[in-house]
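Presented below is the structure to which this report refers.
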Amino acid sequence: MSNGVSVKAKLLGRKREITERILPEEEALDAEEYIETVEDIMKEVETETTIDRQTTLDACNEWFVKDSQPLFKNSHLKYLQYAFKLQFPANLTALDASQPWMLYWIANSFKVLQPEELTEEFQRKIVQKLFTISPQGGPFGGGVGQLPHIAGSYASINALSLCNNIDNCWDKINRKAIYNWLLKLKQPDGGFKTCLEVGENDTRGIYCALSIASMLNIITPELCEGVLDYLINCQTYEGGFGGCPQEDEGHGGYTFCAVASLMILNKLDSVDVEALMRWCSSRQCNEEKGFNGRANKLVDGCYSFWVGSTAAMLEASGKGLCVSKNALHEYICQCCQTEQDGGLRDKPGKYADFYHTNYVLLGLAISESEYTLQTKQENTSAVLIESKSNTKLDYALSNLQEINPIYGVPIADLTKFVAHFNTHL
Ligand SMILES: CC(C)=CCC/C(C)=C/CC/C(C)=C/COP(=O)(O)OP(=O)(O)O
Ligand SMILES: [Zn+2]
């Protein structure tokens, strides 16, 4: 291009022919005729995307017309108890490499809902499983006999943080081995590979590395070298963050990873915060009330955390509120749960699963809270956030545990865990 700006045509999508229709003046038609005309035009521009969106909206509307639902705590607790008491069905073998994730999602859901329900018996099961995966105390793979992985290690550390140091399990975490391994995963561009032998490099790797290192108090300038530039280059023209520098479309999951990493580095102001806030606001669908993960995609309950927590981190940093917590609350309570089937889900028509149960509950906790940064960060590299009940909520509170949006675990557990690691390596 003559002005030197290059545009990746591949990212711009298929070209459609431009058609022009002149609408009759609104006053020339009565209201019904006007709506019919608009509907006709909408049909002319119908695509797979618009049809899917309309189907989703119709399904949500069926739930919005019902009476307001409270959080069905008992149904969700039963669903979680089944997870620790019974053997998983064969179709869950697809999650064989995500065993620490399952432990984190289930344990965290218990903790957010009702902390005492993560009994000592359950805590011991978690600890036993994780130290069977890695008898040397980390780094952790996705299951026994699997290669150490940055996401498996992140989920393991989060899961262990929920276990109240049962049987002194926190002292079995091998911080030195984890630190040396993270350094080996580090790439010249500032990012982290997910695994030594193979593995991708994107904002997920950075977030996992910084989350683990700040929780264990092993974060160093050497580990963080080049990370800020990498993250700055992941912000797109829309304001959200893609997974890799200058390459991707902004996406809720990768944006969460980038923003949480910036919070840990205390460098939020190095990016375009205004554009980020606009992008977060645009993720909230007017009619469905919940969030999607990127432009023109469907609402999904898990973005209640990926996008909701990004908004909460901005709020905690004094940037103001860029989403509607009331609308998010309504989407979650009306569309993401039913009383007869426990667990929380992506959207009406989908089954509940442990991943959505965790992230939808975290999203609900965010909608019910207000956030500020804790100014006094004592002897720890973890970034502590204070949270109190949302006084502007139009709904009854569900009495969930207050959570730290950067780490996705309850503030009480995080505080205790990081206090345990108050000496730097
Ligand atoms: C800590 C860690 C590893 C965090 C991961 C964060 C992350 C990338 C979350 C995204 C999860 C998700 C719903 C992907 C779906 O993408 P899609 O393209 O299928 O969905 P879409 O249609 O909603 O865009
Ligand atoms: Zn989802």
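Pairs of lysines in the stretch 64-157 whose Cα atoms sit within less than 25 Å of one another amount to 12, provided the residues are eight or more positions apart or on different chains. Taking the C-alpha atoms only, the angle from helix 175-185 to the longest principal axis of the chain is near 50 degrees. Under 5 Å from the amide H of residue 369 lie the amide H atoms of 390, each residue being 5 or more positions distant or on a separate chain, with H modelled from the backbone and absent for Pro and chain starts. Couplings for the stretch 223-230, taken from phi via the Karplus curve 6.51 cos²θ - 1.76 cosθ + 1.60 with θ = phi - 60°, read 5, 8, 4, x, 5, 4, 4, 4 Hz in order; Gly and Pro are left as x. Here the simple spin-label model places points 7 Å from the Cα toward Cβ, and for residue 86 and residue 116 these points are separated by 2.6 nm.
What FRET efficiency comes out for the pair residue 372/residue 31, r = Cβ-Cβ distance, R0 = 45 Å, nearest 0.05? E(calc), rounded to 0.05, equals 0.45. Looking at the square roots a ≥ b ≥ c of the eigenvalues of the Cα gyration tensor of the stretch 79-139, which shape do they give, rounded for a/c under 1.5, prolate if a/b is larger than b/c, or oblate? Oblate is the answer for the stretch 79-139, as a/c is 1.5 or above yet b/c matches or exceeds a/b. Longer than 19 Å from Cα to Cα, which of 289/347; 267/297; 172/416 are they? Say none if no pair is. With Cα atoms farther than 19 Å apart: 267/297. As a rough footprinting exposure proxy, the listed residues 378, 27 were ranked by other beta carbons within 10 Å of their own, and the order from fewest upward is 27, 378. For the chain, the Cα-based Rg and Dmax, in that order, read 22.6, 77 Å.
Only the coordinates and a few stated rules stand behind these numbers; no lab work does. Worth saying up front: this structure is predicted, and the values here are computed from it rather than measured. Note: ideal-geometry Cβ built from the backbone for every residue, glycine included; neighbour counts use all protein chains shown.
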